[in-house]
Amino acid sequence: VPEDQVCVRLLLVSGLKTDLLLAPKDSIQDLKNSIFNNWPSDWSGERPETPANLRVLLRGKFLEPTLTLADAKIPVGQTTTCHLLIKN
């Protein structure tokens with residue numbers, strides 16, 4: 001992981017996972033947009049209708065779309081696992 005970026009490992013309830021590299025200043029909404037726009041092909045059966053249908057969970061708390069990754073205390077230069085829930 002580059003030292004100036006955040007690696008977010010997104011884990012679905014089904015056990016599928018993918019990693020995204022983002023900047024610490026990016027918001028949770030940016031993260032949701034990125035995963036929606038780069039939806040993994042092996043996740044095809046679970047695709048949400050819009051990014052608004054995605055919920056990001058870290059350490060037992062849902063992250064608000066307006067928070068930045070830095071605000072959420074996601075460390076730079078490391079991989080952090082978040083759970084991704086789809087609400088349709």
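The values are calculated or read from the model by the stated rules, or taken from the named source; none is laboratory data. From a predicted model like this one, the values you see are computed outputs, not experimental measurements. Note that each Cβ is placed from the backbone with ideal geometry, even for glycine, and that neighbours are counted across all protein chains shown. Each accessible area value is taken on the protein alone, full model and side chains, heavy atoms only, with ligands, DNA and RNA left out. Shrake-Rupley method; radii C 1.70, N 1.55, O 1.52, S 1.80 Å.
With both residues required to sit in the chain, DSSP beta bridges show an antiparallel share near 70%. Each label was represented as a point 7 Å from its Cα along the Cα-to-Cβ direction; for Lys87 and Lys61 these points are 1.7 nm apart.
Could you work out what % of the accessible surface of the chain is carbon and sulfur, using a 1.4 angstrom probe and leaving DNA, RNA and ligands out of the count?
In the chain, the share of accessible area belonging to carbon and sulfur is 49 percent.
Multiplying the residue separation of Glu3 and Trp39 by 0.36 nm and removing their Cα-Cα distance gives an extension gain of 10.5 nm.
Annotation: per residue accessible area for the chain equals 58 Å², rounded to a whole number [probe 1.4 Å, protein chains only].
Can you pull the Rg over Rh of segment 1-51, Cα-only, Kirkwood? Kindly include the intermediate steps, with their values, before the conclusion.
Values: Rg = 11.5 Å, Rh = 11.8 Å.
Reported Rg/Rh, Kirkwood definition of Rh: 0.98.
D by Stokes-Einstein for the chain, Kirkwood Rh over Cα pairs, 37 °C, 0.692 mPa s: 255 µm²/s.
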